[in-house]
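Structure first, then comments.
The values are calculated or read from the model by the stated rules, or taken from the named source; none is laboratory data. As the structure is a computational prediction, the values presented were derived from the model and not from experiment. When we count neighbours, we look across all protein chains shown, and the Cβ atoms used for this are built from the backbone with ideal geometry, even at glycine. When the accessible area is computed, the model is the full protein with side chains, heavy atoms only, and any ligands, DNA or RNA have been set aside. Shrake-Rupley method; radii C 1.70, N 1.55, O 1.52, S 1.80 Å.
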Amino acid sequence: MDALWNAQFGLAPALAMALMHSLWQGVLLAMLAWGALAVSARRSAAFRHSLGMGFLLAMVVVPALGFVRFWQLPGTELNNGWLPAVSAPVIGATPGVYVQESGTLAGALSLLWLLGVALMLLRHLGGLRIVGAFERNPFEILPVDWQQRLLALQKTMGVSRKVAVRLAAEIASPFTARLFRPVIWLPLSLLTRLPADQVEALLAHELAHIQRLDWLWNGLQCVLESLLFFHPGAWWLSRRIRQEREHACDDLAVAACGNAIALAEALAELELHRHHFPRLVLAADGGSLMKRITRLLTGSNSNSRWRLPAGLMVLLASGGLPPAELAAWITS
């Protein structure tokens, strides 16, 4: 009982110390992640996605281990390091009562972090509520011929679970929701607005999210982002992970449909009607669409400046992005 009583006074200093150390630890891990992703440029996007997730998880695990270590240290030792604890050790007159009382700065820093994490989690839960709202609104199901195409795509991609596809007027871009009973949401006008091969490519992309269990990994990523909301390195790595996730799904979609140009043209059309979704939603227009289009058309992961105009020229030549739409895109 005394040990538990003593431990509560070391909670805030240990948490504050772990947060302060996480700043340089996160920078180091972000630099290592950048180097590892650069070395892996010729590997698959799925590999780079897993690699990035591993480094993002390490950004949480390493400070967590530090917190446990700091919590177990006596108050006097906690202040002996090169980065002293942000609380003053107080030795009680009665032995065994407590060895360190949380200082104002340690408590404030810990409270601010907890508040930030709570706000971030509430933001993500708000995204789930938006997705849930779609379930309560009217929607339509796929026509019979498209249901047959969907089943054929599922067989080709090895997706054995039952997948529901719903069309709704308020949907601006295709996206996937739920893990155990996956649902693909499509704009109501998509089947008439785009050619069949482009719609099929978008469906294959969403099926790729389901095949890869991306709803699970994206949810884990949102939790890690919430815990690391204060660290720029974590936000950079998280953006990179989302890019690689979309690239991996693009690769699977192209492998299933055999038509990279159709997917690139569909993405270009989605860019003209871009709509921002909550982070918990796996939307087809996620990530940098222009980079994805260029990557699909050039077959390269390079960020060289010449590849962007090269991709645009190929897209213009294919008729997927008429000059008038390109002008509206650039000026928007």
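Structural remarks
- Being at pLDDT 60 or above and at negative phi holds for only one residue in GLN100, GLN25, and it is GLN25.
- Test set (1) more than 20 Å from HIS49 (Cα to Cα); (2) buried (at least 20 other Cβ atoms within 10 Å of the Cβ) - ASN218 fails condition number: (1)
- Once the range 129-177 is narrowed to residues that are in a helix (DSSP H, G or I) and small (Gly, Ala, Ser), the residue that is surrounded by the most Cβ atoms within 10 Å (Cβ to Cβ) is ALA152.
- Boolean, ALA204 is part of a helix (DSSP H, G or I), crowded, with 17+ Cβ neighbours inside 10 Å and either without any contact (Cβ under 8 Å) to a residue 60 or more places away in the chain or in contact with a strand residue (DSSP E or B) (Cβ under 6 Å, 6 or more places away or on another chain) (or both): yes
- Inside the range 190-216, residues that are of a type in the set (Gly, Ala, Ser) and either within 17 Å of the chain's Cα centre (by Cα) or under 17 Å from GLU271 (Cα atoms) (or both) make up a count of 2.
- The single condition among (1) at pLDDT 95 or above; (2) of a type outside the set (D, E, K, R); (3) open to solvent by 50 Å² or more (accessible area, probe 1.4 Å) that LEU228 does not meet is (3).
- Flag if LEU194 is farther than 25 Å from ILE261 by Cβ and either surrounded by 12 or more Cβ atoms within 10 Å (Cβ to Cβ) or in contact with a strand residue (DSSP E or B) (Cβ under 6 Å, 6 or more places away or on another chain) (or both): no
- Residue match in the range 246-259 (condition: of a type outside the set (A, V, I, L, M, F, W, C), more than 30 Å from LEU150 (Cα to Cα), assigned to a helix (DSSP H, G or I) and at pLDDT 90 or above): no
- Selection status of ALA33, at pLDDT below 95 and assigned to a helix (DSSP H, G or I): no
- Pairs meeting the criteria (first residue in the range 158-185 and more than 16 Å from VAL199 (Cα to Cα), second residue aromatic (Phe, Trp, Tyr) and modelled with pLDDT of 90 or more, beta carbons under 6 Å, at least 6 apart or on different chains) are LEU179/TRP215.
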